[in-house]
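Worksheet for the structure shown next.
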Amino acid sequence: MANFDRYLEKIRELTETVFIPLEGQMEAEGDVPEPAMQAIRDSGLFAISIPEAYGGLAFTQEQQVRLTFEFTYASSVYRSIFSTTIGLCSQAILDFGSDEQRQHYLPRMAAGECIGAFCLTEPEAGTDAASLQTTAVTDGAEYVINGQKRYITNASIADVLVVMARTNPDVSGSGGISAILVDPETPGVSITRMDKLLGQRGTVVNEITFEDCRVPVANLVGDQEGLGLRAALRGINHARTHVAATSVGQAMRILDEALAYARERHQFGQPIGDFGAIQTMLADCYAEIQAAKSMTLEAARLFDDAVAQGKPLPTTQIAAAKYYGSEMVTRVADRALQILGGKGFVENNIITQFYRDTRLFRLFEGASQIQQRNIARDLMRGGRPD
Ligand SMILES: Cc1cc2nc3c(=O)[nH]c(=O)nc-3n(C[C@H](O)[C@H](O)[C@H](O)COP(=O)(O)OP(=O)(O)OC[C@H]3O[C@@H](n4cnc5c(N)ncnc54)[C@H](O)[C@@H]3O)c2cc1C
């Protein structure tokens, strides 16, 4: 395992010297600037979740979370570029892929030479993912894929699509769904970018149409059909923990920006940060960030313990950290915008950008309502997990 403390310091420095200075350019142009993209590849951020055997840095989930606190102190758009590769895609291949698939994809993913996009959501299947309608029908040694996906991060810049498709139309729920690896250049795949996002300017979000797209049956992830959503699960829980950590990183930056303004802006002959009403907002932000940080670190530690002991992942604690963190950061952003006064509405500055960017966290990787449902369901079924 690489020396973690040195690596953490390197990522902190990268955030300060490359990511933060390029935020304005990224917001203006709507794309991650090439020097930042190169720095992401060179620094090994694509490798943090991949084992050493495949050229990765093999950091634990707790270490990945601590790194995420650092690099998401800058715009979360940078994270979006490598998040689908380090989480959903690489983890599905790692856990369920064949040796050949692991050898083919994971070293290139770790090097930042193979971006993965995870294709689950469809126009009629969002939260209810198990009802997806994309089909993969066997024809000799090939699958023929037909269907539509939407809101897919990084598909138009991806080198591999991990596509969830129904391989058994007779099985209606998750049991009929398989994960299949698709080269985006395959005939029959068309990808368009959705560019009118509320926030996250620079994040690549796509619609995909599959029309008689043929891929070898050897591209199935897993040794049998029907394991698609199970293969997705490890990656989804990995990603939820990372969204919780991203919420903390973003909230820390927002609070620092709000503090700087509260010191600098004077009204009634004094800094607005001296008013009790502003102090209440600042204190609430700080306390809630600390709470979310502790919950996220604890969920990550439990994640690591579960993996080490071959036990089920701590899904209740992960759901709670993702739910609380994502709701927390939007409260922090809202208070920070209030502290800016009219400037928060009229100008496009880092607080207003993050106010728009962070709204996403309550919607994807399982919306807040689904985290609440899952937490309550787990509690009702099995008592209170510590
Ligand atoms: C920027 C962005 C990037 C994304 N990236 C990806 C990606 O890379 N790959 C991918 O596959 N998907 C991706 N998604 C999709 C994302 O995971 C879905 O948007 C999410 O699952 C919700 O689905 P939906 O948008 O269809 O909303 P819906 O499922 O239609 O939900 C609408 C509302 O109903 C609520 N709701 C739904 N079911 C229930 C229920 N049972 N109980 C209570 N409330 C409920 C929801 O919480 C929500 O408030 C992305 C989305 C966005 C916006």
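Things worth noting here:
- Straight Cα distances below 25 angstrom link residue 196 to the lysines 149, 343, with same-chain residues fewer than 8 positions distant left out.
- For peptides 246-252, 109-115, sequence by mean Cβ density within 10 Å, most packed first: 246-252, 109-115
- From phi via Karplus (6.51, -1.76, 1.60), per-residue ³J(HN,Hα) for the stretch 235-250 in Hz, x at Gly/Pro: x, 5, 5, 4, 5, 5, 5, 5, 5, 4, 5, 4, 4, 5, x, 5
- Most mobile of 46, 118, 268 in a GNM of the chain (Cα contacts under 10 Å): 268
- Between residue 114 and 109, the built amide H atoms are under 5 Å apart, and every one of these is 5 or more places off in sequence or on another chain.
- Averaging Cα coordinates gives a centre for the stretch 328-385 and one for the stretch 292-327; these two points are 18 Å apart.
- Compared with the dominant principal axis of the Cα atoms in the chain, helix 368-382 is inclined by about 70°.
- Taking every C-alpha pair closer than 8 Å and separated by at least 6 residues, the mean separation divided by the residue count of the stretch 273-340 gives a relative contact order of 40 percent.
- FRET E, pair residue 305, residue 3, Förster distance 25 Å, beta-carbon r, rounded to 0.05: 0.65
- Under 20 Å from the Cα of residue 293 - lysines, other chains or at least 8 residues apart: 322
- Segment residue 16-residue 127, extension gain: residue separation times 0.36 nm, minus the distance between their alpha carbons: 36.3 nm
- In range of the label at residue 185: residues from the stretch 214-251 whose backbone nitrogen is under 16 Å from the point 7 Å along Cα→Cβ: 214-216
- Taking the longest Cα principal axis of the chain as reference, the axis of helix 276-309 is set at about 30 degrees.
- Computed P(r) (all Cα pairs; the chain; 20 Å bins; percent): 28, 57, 14, 1
- Listed residues 289, 180, 278, most fluctuating in the chain (Gaussian network, C-alpha, under 10 Å): 278
- Ordering of 28-38, 161-171, 195-205 by burial proxy (mean other Cβ atoms within 10 Å per residue, highest first): 161-171, 195-205, 28-38
- The chain: most fluctuating residue of 260, 367, 232 per GNM, C-alpha cutoff 10 Å: 260
FYI, it's all coordinate maths here, none of it is from the lab. Being a predicted model, the structure only gives us computed values, none of them experimental. Glycine also receives a Cβ, built like all others from the backbone with ideal geometry; neighbour counts cover every protein chain displayed.
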